[in-house]
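Here the structure is laid out as structure tokens; the discussion comes afterwards.
The values are calculated or read from the model by the stated rules, or taken from the named source; none is laboratory data. Keep in mind the model is a prediction, meaning the values are calculated, not measured. Positions of Cβ are backbone-derived with ideal geometry, glycine not excepted, and every protein chain shown enters the neighbour counts.
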Amino acid sequence: MTAATDGTGRQRAPEPAVVREGVLLLDAERRLRYANDEARRLLGLPADCEGHPLDALDLPPALTTLLDAPGALTGAPALVRGRTLSVDLHPADRLGGPPCRLATLRDTAPPVAPDTARLRLELLYRAGASIGTTLDITRTCEELAAALVPAFADFASVDLYEGVLAGGEPRPGRHRPLRRAALAGVTELPPLLAPGVPVPVVPGTPRARALAGPCSVVEPDLSAALAAWDDVSPGTVDAMREEEVHTLVAVPLTVGGTLLGVATFWRARPRPAFDEEDRTLAEELTARAAVLVENARRYTREHTMAVALQHSLLPAGLPEQHALDVASRYLPAQAGVGGDWFDVIPLSGARVALVVGDVVGHGVHAVATMGRLRTAVHTFSSLDLAADELLGHLDALVNRLDQEHPAPDGADRPITGATCLYAVYDPVTRRCTLARAGHLPPAVAYPDGRIEIVDLPAGPPLGVTGLPYESTEVKLPEGSRLVLYTDGLLASRGQDVDHGLKLLRGALARPGRDPGQTCEDLLAALLPSDPADDIALLVARTRALPADHVADWDVPADPAAVARIRAAVTRRLDDWGLSEQAFAAELVLSELITNAIRHAAEPIRVRLLRDRALICEVWDGSATSPHLRYATDTDEGGRGLFLVAQLAERWGTRYPASGKVIWAELPLD
């Protein structure tokens, strides 16, 4: 080893050369008894190579001939996997042991200089750190393609089997094309197929061999491959020839025996052809990326399932009702599907309930819990419960859900946390009753330009304490905009809630905006490019039921009053142009008024509402609930509510602050 000199003529300490030798031990029957790691690397031997005869190891014929030589060899050359090896062969039985031969293999290529090895390690470190920054499959593939361009290759492409990009299981096959997921290059338009297009696998080409192995393939000369590709994509081949692309290394993306696709790195002249050291670097980086792509694929599959489940549980459309002009928006989070939901529920008496809720956490469990809570809210609202009472029932339900899933031994019982805001608007009185369970307060934009964050008692989140809830009633002039939202809207830019409410006020300050435009204003002011939490937004503009669409009468507790009320109802329906509905309305009201006189208490009142249906209501002072039953042939009564149920589209009972209201909706058509 010759010592080098520095600029002053003084000798520097010699740099050590890296020498690695492969060692093979062969017995008299030409069976491989031992192979060290370097021999396995140089020859590409499988893990179970020991014990197999030479002919079964798929070695080059020239090397097999050398190993079968009867005498000793020193420095005999053999071309193996694109590199020239120096082979030494000596007998190993000089001390009377079993007849064996010892072969040593050395790569004749100049040893890698320390600086070159360090640069490779630095490149591998930098490239590895830049891959897998997200759980997006396409982004991960793009990071892999860009990681080694231009330091290692002039162009890089990543191709995946159909379905992988959508999170599906890869289905490799000879006739199943790949799809280009990512492409990077030193030129603005690389001479390769663009991302998103199918990439055919041409038999016999380097990439086809890499997928068939699956094993990495180094192709120092692309002349034959370009000729084969010319029949499939001549335009691409012409562009590659113009760029003088002459060599590639193709590495399959495999994880645990699952083949996802292939990564291909290309070089153009004057850069040298890829060699075995390049193969090793590409294999190591691609192996890391394959794990990240598989993780992203699994996440995408779970995310897609959760999104599909969530969309099936959220309302497909807003129901028909005349009390509110409503617009809604739902935006899922980038990181994972959450449990936000909203609802618009028509109630009796032309009233409408608005609901917004948020289940703590993300994923399928949060979505499933959201679906259960949304169904429960529909069920409780059908009973016409007061807003605070409904939240109390919902809180008890969440506590029962927690008890259905006991914690493992020694662990704390998990809590299904959720928040909810429930509001009921009455277009007759123009009043809105609201209650919330740990949810953010609603906002109101009044027609005169005032913006108010409703001072509403917060109440504990659902499933936490079991404490009672309080409701608040606010007067909403016609044309007011009521805004309900989840916390993802305010916390999405990382600011505190007060700052978010300030931005919300500013977005609501624009006059003359309808609910859909208001939604867009709010999202433009508050939504980031990559929301960390999902967002549910509900904007409702109030309408009022005209006074001439409402009629009511006080009824004395006298059966003779039924006829007078029936006549008054007929006259009012004639005024409304609803004479065809008079017969059904008379029958329904006659039965309900008679029941109130016989079985309930004063005061008794009748109210008619002309909305999307003709609503007949009978109010009384009793809290006794009527029940529908089927009368037998010998019963003298008991058919009144059955008759009401047959004539009405919907009917039911609700309980105001005192007494009850029995109502029935008759169709107008």
- Filter the stretch 59-109 for residues that are among the acidic types (Asp, Glu) and not in a loop (DSSP other than H, G, I, E, B); which is surrounded by the fewest Cβ atoms within 10 Å (Cβ to Cβ)? Asp88
- Task: Report the residue count in the stretch 210-255 for those that are over 22 Å from Gly82 (Cβ atoms) and assigned to a loop (DSSP other than H, G, I, E, B).
- Result: 4
- Consider Arg513 carefully, then state whether it is under 30 Å from Leu609 (Cα atoms) and buried (at least 18 other Cβ atoms within 10 Å of the Cβ). yes
- Close pairs (8 angstrom Cβ cut-off, 6 or more residues apart or separate chains): among the acidic types (Asp, Glu) in the stretch 463-483, assigned to a strand (DSSP E or B) and surrounded by 12 or more Cβ atoms within 10 Å (Cβ to Cβ) anywhere: Glu470/Ala435; Glu473/Arg431; Glu473/Cys432; Glu473/Thr433; Glu473/Leu434; Glu478/Thr542
- Note on the structure: Within the stretch 439-460, the residues that are assigned to a strand (DSSP E or B) and either surrounded by 19 or more Cβ atoms within 10 Å (Cβ to Cβ) or touching a Lys or Arg at 6+ places or on another chain (Cβ under 8 Å) (or both) are Ala443, Val444, Ala445, Ile451, Ile453
- Note on the structure: Only one of (1) modelled with pLDDT under 90; (2) more than 22 Å from Glu283 (Cα to Cα) does not apply to Val197, and that is (1)
- Query: How many residues are closer than 18 Å to Asp554 by Cβ and either crowded, with 17+ Cβ neighbours inside 10 Å or touching a Ser or Thr at 6+ places or on another chain (Cβ under 8 Å) (or both) when one looks only at the stretch 653-669?
  - Reply: 5
- Does Arg505 count as assigned to a helix (DSSP H, G or I) and assigned by TED's automatic domain parsing to the domain that holds Lys660? no
- Within the stretch 618-652, the residues that are modelled with pLDDT of 90 or more and surrounded by fewer than 16 Cβ atoms within 10 Å (Cβ to Cβ) are Glu649, Arg650
- Item | the stretch 320-335, residues that are modelled with pLDDT under 90 and either under 23 Å from Gly349 (Cβ atoms) or touching a helix residue (DSSP H, G or I) at 6+ places or on another chain (Cβ under 8 Å) (or both) | Glu320, Leu331, Pro332, Ala333
- Query: In this structure, is Thr8 β-branched (Val, Ile, Thr) and either in contact with a strand residue (DSSP E or B) (Cβ under 6 Å, 6 or more places away or on another chain) or at pLDDT below 85 (or both)?
  - Reply: yes
- Looking at (1) over 27 Å from Arg41 (Cα atoms); (2) surrounded by 15 or more Cβ atoms within 10 Å (Cβ to Cβ), which is the only condition Leu148 fails? (1)
- Item | Matching option when the condition is in contact (Cβ under 8 Å) with a residue 24 or more places away in the chain and touching a Lys or Arg at 6+ places or on another chain (Cβ under 9 Å), among Asp221, Asp136, Asp159 | Asp159
- Message: Checking the structure you have, find out if any residue of the stretch 487-494 is in the same structural domain as Val326 (by TED's automatic domain parsing), in a loop (DSSP other than H, G, I, E, B), of a type outside the set (A, V, I, L, M) and free of Cβ contacts under 8 Å to residues at least 40 places away in the same chain.
- Response: yes
- Item | Candidate set: the stretch 179-192, residues that are at pLDDT 90 or above and among the aliphatic types (A, V, I, L, M); chosen: the one nearest to the chain's Cα centre (by Cα) | Ala181
- Query: Any idea which of Asp358, Asp384 is at positive phi, outside any helix (DSSP H, G or I), buried (at least 19 other Cβ atoms within 10 Å of the Cβ) and assigned by TED's automatic domain parsing to the domain that holds Glu404?
  - Reply: Asp384
- Query: Among (1) of a type in the set (Gly, Ala, Ser); (2) surrounded by fewer than 17 Cβ atoms within 10 Å (Cβ to Cβ); (3) within 19 Å of Val245 (Cβ to Cβ), which single condition is Ala182 missing?
  - Reply: (2)
